[in-house]
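The values are calculated or read from the model by the stated rules, or taken from the named source; none is laboratory data. Because the structure is a prediction, the values reported are computed rather than measured. Every residue, glycine among them, receives a Cβ derived from its backbone with ideal geometry; neighbour counts consider all protein chains shown. Areas reflect the complete protein model, heavy atoms only, side chains present, ligands, DNA and RNA absent. Shrake-Rupley method; radii C 1.70, N 1.55, O 1.52, S 1.80 Å.
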Amino acid sequence: MQVREQVTQPTEAFQVLLFEHDAATYAVKAAAVVEILWLTELAPVVEMPPYVVGAMNYRGHTLPVVDLLQRFGRESRPYEVTDQLVVIESRSRLVGVIVQRVQDIIHVQPNDVHETEAFASAGAERGQIITHSINRGRMVVMLLDHDAVMDGLDTARPGLAA
């Protein structure tokens, strides 16, 4: 697992893509989003972390696909035909993240973003991908660290299963 730099509080407004997954609302910085696709059949992979549930051909390249629930250390749920795939770019690499439903792109002010003690301490030590929350009225949105989604992928040797 890679050691990441200290998570910092944003100082400027930015946009995020909101999506639903497992009855929670998450966000990822819109600047990291390359494309949103419908989830297709995935090829099985070997020698990858367990949360990489497959791969697909994405514009002539092999795209690893991450199951967020498994990435959080929880049990996966069956995929549905309505699930979507958010392709994000980080560290000059692409990864697909399975989500249940893309909601919207919103503008976020820095004072709406909060680093919580629980997220911050766990994020650096255990490679978790949520270190901040965004307050939207009564709703709390978990902000994914798109760089942390890639943790474990840099050292894995991707290969398609036979």
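Here are the numbers for this structure:
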quantity: Verdict on residue 57 being assigned to a strand (DSSP E or B), over 18 Å from the mean Cα position of the chain (by Cα) and modelled with pLDDT of 85 or more; calculated: yes
quantity: Residue match in the range 119-132 (condition: open to solvent by 30 Å² or more (accessible area, probe 1.4 Å), part of a strand (DSSP E or B) and either closer than 26 Å to residue 48 by Cβ or modelled with pLDDT under 90 (or both)); calculated: no
quantity: Members of the range 63-92 that are open to solvent by less than 10 Å² (accessible area, probe 1.4 Å) and without any contact (Cβ under 8 Å) to a residue 40 or more places away in the chain; calculated: 63, 65, 67
quantity: Filter result (within 18 Å of residue 93 (Cβ to Cβ) and either at pLDDT below 90 or open to solvent by 70 Å² or more (accessible area, probe 1.4 Å) (or both)) within the range 6-33; calculated: 29, 31
